[in-house]
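Take a look at the structure set out below.
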Amino acid sequence: MEQTIDKSKPILVTGASGYIANWIIRYLLEAGCTVHGTVRNLNNEKSVGPLRQIEAAAPQGTLKLFQADLLAEGSFDAAMAGCEVVMHTASPFLVRGFKDPEQALIKPAVEGTRNVLEAANRTTSVKRVVLTSSVAAVFGDNADLRKNPRGYFNEEDWNFSSSLDHQPYSYSKFLAEKEAWKIHAAQSRWRLVTINPSMVGGPALTRYSQSTSIDTLRSLGNGKLWPGVPQMRLGWVDVRDVARAHVEAAFRPDAEGRHIISNGEPTMLEIATILKRHFGSRYKFPFFELPKFIVKWFGRLLDASAKPRFIEQNVGHALKFDNSRSKQRLGLQYHPLEQTFVDHFQQLIDDGMIR
Ligand code: NAP
């Protein structure tokens, strides 16, 4: 069913200071929109400063910032007032560095989604919610593909293997998206559109983000993963394509349902080879794949969780996503991944994050 969105009304973007949200806000401001962005702390110059720079570079749009916390009930009401579109991107993207996954990941992801969507239920102007979910809500481990009769993951699939103890970030995204569809089904005013990106790469507009994305590419060039990497595939996509997908999902009259946003599943060695071709041997790029038994021994070499079950279920397994729905329904034209990795790595060099 077609649904018209009034682009002159403000658009709420939660988690405005994030890696992906920065790009969404830039595109919305360039299109002349008014954006209501939420951050946890309006006085944090590190998160707010880059947003002010994005605003200054796109004077055709207007950015208004609000303070809101995922765990504070009613926190998003003021920012949502008068909005037809709500983009909910805020959620912690962490795969390590926390003790209690329930507190660090599950609570903010699930309760946060509930808070934002309950605010949408209270705000009569809201017509559409674009939720930043993830392919982590679609699948858990690469090995799960063996049980998939299609031989690739698409929007019909749901993660069935993650839990609080195993891949808790993925579990948080699965639970949050399920919760969103449940709340959506209980009302009829607003439509839910989900964006399910794979690992996001490409240049950041902020140095504040704690996103795991930024760390992953850095570890390929700073010697942490030298000389060998696990034979491990991840889905990857350019941050600019993920942001475009959100904007299309917000404004296309017929946008609905889930969208896998992913542009290929290179191994870590394939990424390192691309980087080496462009940046030469000045950096300590890995140059071979470690046998799986070595990876199990030296699990700490992995960039994500190094637990034996993670290695068993992900290293050496195939991975494939079908991104055709994103092209057909959102009109996405993906940046070549080579450009994504090169632009991203160049920025890490320019910012002094890789020496
Ligand atoms: P990011 O840079 O770490 O941004 C996450 C944002 O969430 C931060 O700006 C942070 O806001 C906000 N946030 C975290 N906890 C919060 C809380 N308790 N209350 C309010 N805000 C909170 O991460 P990102 O990579 O852009 O990820 C954005 C979204 O995309 C997440 O939902 C993530 O799961 C999803 N995603 C990311 C990737 C990827 O590879 N990057 C892939 C698939 C899906 P403050 O500035 O206020 O702290």
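Computed from the coordinates by the stated procedures, all read-outs in this text should not be read as laboratory data. Keep in mind the model is a prediction, meaning the values are calculated, not measured. Cβ: placed from backbone, ideal geometry, glycine included. Neighbour counts: every protein chain shown.
What to note about this one:
- Annotated for region 159-318: lysine pairs at least 8 residues apart or interchain, Cα distance under 24 Å, count 13.
- Cα shape, region 1-126, gyration tensor, a/c 1.5 rule: oblate
- Ratio Rg/Rh, restricted to the chain and using Cα atoms, in which Rh is the Kirkwood radius: 0.95
- Once the Cβ-Cβ distance of LYS147 and SER188 is raised to the sixth power relative to R0 = 35 Å, the FRET efficiency obtained is 0.50.
- Full-extension gain in nm, GLU118 to ASP77, via 0.36 nm per residue minus C-alpha separation: 13.8 nm
- Each of the chymotrypsin sites (Phe, Trp or Tyr not before Pro) that DSSP puts in a loop and that has at most 16 other Cβ atoms within 10 Å breaks the chain; the longest unbroken stretch is 161-286.
- Neighbour cut-off at most 13 other Cβ (10 Å), DSSP loop, trypsin sites (Lys or Arg not before Pro), region 14-116: ARG96, LYS99
- DSSP-assigned coil residues among GluC sites (Glu not before Pro) in region 108-174, each with at most 12 further Cβ atoms within 10 Å: GLU156
- Look at the dipole of the chain built from charges on Cβ: of LEU117, ILE294, PRO336, the Cα furthest out on the positive end belongs to ILE294.
- Rough spin-label spacing in nm, given labels placed 7 Å along Cα→Cβ, for ALA318 and GLU270: 1.3 nm
- The length gained by stretching the chain between ASP6 and GLN328 to full extension, at 0.36 nm per residue less their Cα-Cα distance, is 113.6 nm.
- In this calculation the C-beta distance from LYS64 to LYS224 is compared with R0 = 56 Å, giving a FRET efficiency of 0.90.
- C-alpha center-to-center spacing [region 156-234, region 322-355] in angstrom: 16 Å
- Rounded if a/c under 1.5, otherwise prolate or oblate - region 213-307, Cα gyration tensor axes: prolate
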